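A.B. asks: Can you keep this structure in mind? I'll have questions shortly.
The values are calculated or read from the model by the stated rules, or taken from the named source; none is laboratory data. Please read all numbers here as calculations on a predicted model, not as lab measurements. Positions of Cβ are generated from backbone atoms using ideal geometry, with glycine treated the same way; all protein chains shown enter the neighbour counts. Accessible surface areas use protein heavy atoms only, side chains included; no ligands, DNA or RNA. Shrake-Rupley method; radii C 1.70, N 1.55, O 1.52, S 1.80 Å.
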Amino acid sequence: MADPMEAMKKEFENRIIPPSWKDRVWEIEDYRKFHEDTIKDKESIEKWWEKWANEIFWFRKWDRALDDSNPPFYRWFVGGETNLAYLCTDWQIEQGRKNKVAIIWEGEPVKENGEPVEVRKLTYYDLYRESNRIAAMLKDKLGVKKDEILTFYLPMIPELPLFMLGVQRIGAKHSIVFSGFSAQALAVRIMDAGARYVVTADGVYRRGKVLNLKAIVDDAVKICEQEGHKVEKVIVVKRAGNEIPWNDSRDVWFEDLMADIGKNVKVECEKMGSEDFSFILYTSGTTGRPKGAQHSVGGYAVHLYTTMKLIFDIKDDDIFWCTADIGWITGHSYIVYGPLMCGATTMMYEGAPDFPDVSRWAAMIERYGVTIFYTAPTAIRMLMRFPEENYTKYDMSTLRIIHSVGEPINPEAWRWYYRVFGREDVVCSSTWWMTETGGMLTDHFPGLGKIIPLKPGTNGYPIPGVRMEVLDDEGNSVKPGERGYLVISTPWPGMLMTLFKDPNRFIDVYFGKYKSKGWYYYTGDFAMFDEDGYVWVLGRADDILKVAGHRIGTAEIESAMVSHPDVAEAACVGKSDPVKGEIPIIYVVLREGVEPSPDMVNELKKHLRATLGPVVASDAVITFVNTLPKTRSGKIMRRLLRAVAEGKELGDVTTLESEVAVEEAKKAYEMVK
Ligand code: 6R9
């Protein structure tokens, strides 16, 4: 792959204006001034966000927009009271959207001709009633308390957002674990959250097969028990009707729990403090232990509402489709909470973009008249490998905004997306953000009525109210066109409040790098600015990989590998991949007496699948070495392993203990390449 930095630099001057926006374009200098005015000082930041906060519903308005008296624990809309469930249901009904379709869901079994077998449309009233019923069930039957965390291991079915809203209604919290994670990964997250209840489904359809989720939950519960944590109940939603293991004293069908709950039961919505927390979501860091990013109620809501308006320009007649899984932050924020609190119609689907064939998404865009589309570069690059006719035979002319997220979009992929999906007349942008930021932080802002020009591959401009900087190791700003670390130097409402049960780690990880300079949120990304002030994120600067858009730490992969009895040591690095973005390359040192073999590779892959899940295992490349390249003080030199995998110059090797290890790594890599 071409050097991403060079490829992006070529696009610095390439300002593209979609024809239907030709009279609605900012002069960059004007936008710069507008932006600067929103971040001049604390008051201007507060003023900017209060304008949006005033548009949403509050049981009680805030006393103060931003309390920054105890950084980096910023508190937003202090004294305010609201509730995410109220915003997404009651408030929508109050605004006259009772019978509007809130969620369109399409299931996977899809006929040969691409037509769906099962479609469910839920109105705002349906959401309201069902989430009230779930809230009543949780409260009255299971005794779920305010502040209790429930773990959801649910696939992409409407019951997932219904449970999210049910939990929010009573002030409890969710921890959603992506249903592609393994039993081991699920168990760690159940225990860390201290969850008594796990909600799952019998199975889910994916590419024509049924995956047995309940069996994975059973394994996870067993691991929890061995570690001394009791899961009291597993609630099972019936989806695929597959055979599942069952334990009468612990397992219960969702439909049985709900059978005697009245159709019109109402549960009063908890008035949540703006600074209460609404959910945790585990994400990968640079150590093996996942971090529980803890999000707020009020600040999170205002951030989502604002970005839905500014970046997606959401209107009442839009059909909004974000293709992510709700198990990741993108799905939390932009399938469920963001679109619903704006009264939009949001789509969700079960299955995969390439099943029964690669036309599935284009067909769905035509079928439902999707107007705003949000997906990942890895999916775009996969679709690009097939003839355009697969997509252009469908009418996608309803699309007006198409964005991407999850990793940098290379300019060729941007061009293809803009042309084939966007007929070269849409706002098309790569919105940069993270699990920790709660919502999007960069774009071109169609919602302001005019856009800043598009550029293939850029992330656009930081949103108003937020200052970003690109710094070198010493904390100095780097010049446009130079690479540095992306930092956010002002607080914003969607930012994580802390790491669950680990405030010190929160301070260290996000604010440690530039401690001597002040409170700078360190993103862990490499980025550069261009002369216009656009941000271009280049990729992670640490040991986190984005494999097909999924975030995973190399440390997690390594600790999974060494938990196998035949493995003595392992080192994992990312290698760039034309479709997946990055893939993990794992160098393994086997224990004395264990021989490398193709069977051993399969065995280790199976182990990886069991400990971390299929996402990592299916793309990982495993190779064997006798020793790993280390510094004289014993640290593995991952930089060299990465250079080997990328076929690049090794750079400085003076601290290397023995060159033999590098030669060996090269040979090992040649064998699997
Ligand atoms: C939302 C999400 C966060 C990391 C982030 C960065 C990468 C996300 C991006 C992007 C370039 C974009 N990333 N969006 N890089 N352009 N538009 O993906 O959250 O899973 O926590 O990952 O993803 O490296 O630091 P998360």
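A.B. asks: For region 629-643, enumerate the residues that are in a loop (DSSP other than H, G, I, E, B) and open to solvent by less than 10 Å² (accessible area, probe 1.4 Å).
C.D. replies: If the condition is that a residue be in a loop (DSSP other than H, G, I, E, B) and open to solvent by less than 10 Å² (accessible area, probe 1.4 Å), then Pro629 is the only one that fits.
A.B. asks: Still on this structure, I have one more. Is at least one residue of region 380-400 within 16 Å of the ligand (Cβ to nearest atom) and outside any helix (DSSP H, G or I)?
C.D. replies: No: region 380-400 contains no residue that is within 16 Å of the ligand (Cβ to nearest atom) and outside any helix (DSSP H, G or I).
A.B. asks: Would you tally the residues in region 583-623 being in a strand (DSSP E or B) and touching a helix residue (DSSP H, G or I) at 6+ places or on another chain (Cβ under 8 Å)?
C.D. replies: Residues in region 583-623 being in a strand (DSSP E or B) and touching a helix residue (DSSP H, G or I) at 6+ places or on another chain (Cβ under 8 Å): 10 in total.
A.B. asks: Within region 98-122, take every residue that is open to solvent by 30 Å² or more (accessible area, probe 1.4 Å) and not charged (D, E, K, R) and give me the one that is nearest to Glu268 (Cα to Cα).
C.D. replies: Filtering first and then ranking leaves Asn99.
A.B. asks: To continue, here is another question. For region 598-628, give me each residue that is of a type in the set (Val, Ile, Thr), open to solvent by less than 30 Å² (accessible area, probe 1.4 Å) and over 16 Å from Ile552 (Cα atoms).
C.D. replies: Selection gives Ile622, Thr623, Val625.
A.B. asks: Just for region 513-538: of the residues that are away from the ligand (no atom under 11 Å from the Cβ) and at positive phi, which one is surrounded by the most Cβ atoms within 10 Å (Cβ to Cβ)?
C.D. replies: Checking each candidate, the answer is Gly533.
A.B. asks: Find the helices (runs of 4 or more DSSP H) located wholly in region 209-319 whose residues include 1 or more that are more than 16 Å from the ligand (Cβ to nearest atom) and more than 24 Å from the chain's Cα centre (by Cα), and list them.
C.D. replies: Fully inside region 209-319 and qualifying: 213-226, 254-258.
This table checks each residue for (1) under 19 Å from Glu469 (Cα atoms); (2) within 12 Å of the ligand (Cβ to nearest atom); (3) part of a strand (DSSP E or B).
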| site | (1), (2), (3) |
| --- | --- |
| Gly406 | no, yes, no |
| Glu424 | no, no, no |
| Trp432 | yes, yes, no |
| Gly439 | yes, yes, no |
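A.B. asks: When region 539-548 is examined, which residues are found to be within 23 Å of Gly331 (Cα to Cα) and either more than 7 Å from the ligand (Cβ to nearest atom) or aliphatic (A, V, I, L, M) (or both)?
C.D. replies: Ile544, Leu545, Val547, Ala548
A.B. asks: Looking at Asp218, is it of a type outside the set (Gly, Ala, Ser) and farther than 23 Å from Glu118 by Cβ?
C.D. replies: yes
A.B. asks: Let me ask something else about it. Looking at region 408-422 only, could you name the residues that are among the aromatic types (Phe, Trp, Tyr), more than 12 Å from the ligand (Cβ to nearest atom) and open to solvent by less than 10 Å² (accessible area, probe 1.4 Å)?
C.D. replies: Tyr417, Phe421
A.B. asks: Among the residues that make up region 584-598, is at least one of them touching a residue at least 40 places away in the same chain (Cβ under 8 Å) and either within 16 Å of the ligand (Cβ to nearest atom) or among the charged types (D, E, K, R) (or both)?
C.D. replies: Let us first name the residues in region 584-598 that are touching a residue at least 40 places away in the same chain (Cβ under 8 Å), namely 585, 587.
Filter once more, so that each one left must be either within 16 Å of the ligand (Cβ to nearest atom) or among the charged types (D, E, K, R) (or both): none.
No, every residue in region 584-598 fails to be touching a residue at least 40 places away in the same chain (Cβ under 8 Å) and either within 16 Å of the ligand (Cβ to nearest atom) or among the charged types (D, E, K, R) (or both).
A.B. asks: Tell me yes or no: at least one residue of region 301-309 is open to solvent by 20 Å² or more (accessible area, probe 1.4 Å) and touching a residue at least 24 places away in the same chain (Cβ under 8 Å).
C.D. replies: Looking for residues that are open to solvent by 20 Å² or more (accessible area, probe 1.4 Å) and touching a residue at least 24 places away in the same chain (Cβ under 8 Å), one finds at least one in region 301-309, hence yes.
A.B. asks: Separate question: Is it the case that region 484-496 has a residue that's of a type outside the set (Asp, Glu), surrounded by 19 or more Cβ atoms within 10 Å (Cβ to Cβ), under 30 Å from Val601 (Cβ atoms) and over 21 Å from the mean Cα position of the chain (by Cα)?
C.D. replies: Checking region 484-496: not a single residue is of a type outside the set (Asp, Glu), surrounded by 19 or more Cβ atoms within 10 Å (Cβ to Cβ), under 30 Å from Val601 (Cβ atoms) and over 21 Å from the mean Cα position of the chain (by Cα).
A.B. asks: Taking Ser278 as meeting all but one of (1) open to solvent by 10 Å² or more (accessible area, probe 1.4 Å); (2) among the polar types (S, T, N, Q); (3) in contact with a His (Cβ under 9 Å, 6 or more places away or on another chain), write down the number of the exception.
C.D. replies: Status for Ser278: all satisfied but (1).
Listed here are the residues, each with its yes/no results for (1) acidic (Asp, Glu); (2) out of contact with any Gly (no Cβ under 6 Å at 6 or more places or on another chain).
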position	(1), (2)
Val427	no, yes
Asp443	yes, no
Pro446	no, yes
Ile463	no, yes
Gly494	no, no
Thr498	no, yes
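A.B. asks: From the residues in region 444-482 that are on the phi > 0 side of the Ramachandran plot and within 13 Å of the ligand (Cβ to nearest atom), which one is surrounded by the fewest Cβ atoms within 10 Å (Cβ to Cβ)?
C.D. replies: Looking at the filtered set, the residue picked out is Gly457.
A.B. asks: Out of all the residues in region 553-569, which are over 22 Å from the mean Cα position of the chain (by Cα) and assigned to a strand (DSSP E or B)?
C.D. replies: Of everything in region 553-569, those that are over 22 Å from the mean Cα position of the chain (by Cα) and assigned to a strand (DSSP E or B) turn out to be Val567, Ala568, Glu569.
A.B. asks: Could you list all residues from region 555-575 that are closer than 20 Å to Glu603 by Cα and within 14 Å of the ligand (Cβ to nearest atom)?
C.D. replies: Within region 555-575, just Glu556 meets the criteria.
Residue-by-condition table, conditions (1) within 18 Å of Val625 (Cβ to Cβ); (2) of a type in the set (A, V, I, L, M, F, W, C):
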site	(1), (2)
His550	no, no
Glu569	yes, no
Asp577	no, no
Pro584	yes, no
Leu590	yes, yes
Ser597	yes, no
Val601	yes, yes
Leu604	yes, yes
Thr611	no, no
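A.B. asks: Same structure, new question: Please specify each residue of region 321-355 satisfying the condition of being aromatic (Phe, Trp, Tyr), surrounded by 24 or more Cβ atoms within 10 Å (Cβ to Cβ) and within 14 Å of Pro161 (Cβ to Cβ). Talk me through it step by step, then tell me what you get.
C.D. replies: Looking only at region 321-355, we keep the residues that are aromatic (Phe, Trp, Tyr), and these are 321, 328, 334, 337, 349, 355.
Narrowing further to those that are surrounded by 24 or more Cβ atoms within 10 Å (Cβ to Cβ): 321, 334, 337.
Correct list: Tyr334, Tyr337.
A.B. asks: Could I ask something else about it? Can you give me the ranges of the helices (runs of 4 or more DSSP H) entirely in region 60-151 with at least 3 residues that are under 30 Å from Ser44 (Cα atoms) and of a type outside the set (S, T, N, Q)? It would help to see each step written out before you state the result.
C.D. replies: Working: elements: 84-88, 90-94, 124-136.
Of the helices (runs of 4 or more DSSP H) lying wholly inside region 60-151, those with at least 3 residues that are under 30 Å from Ser44 (Cα atoms) and of a type outside the set (S, T, N, Q) span 84-88.
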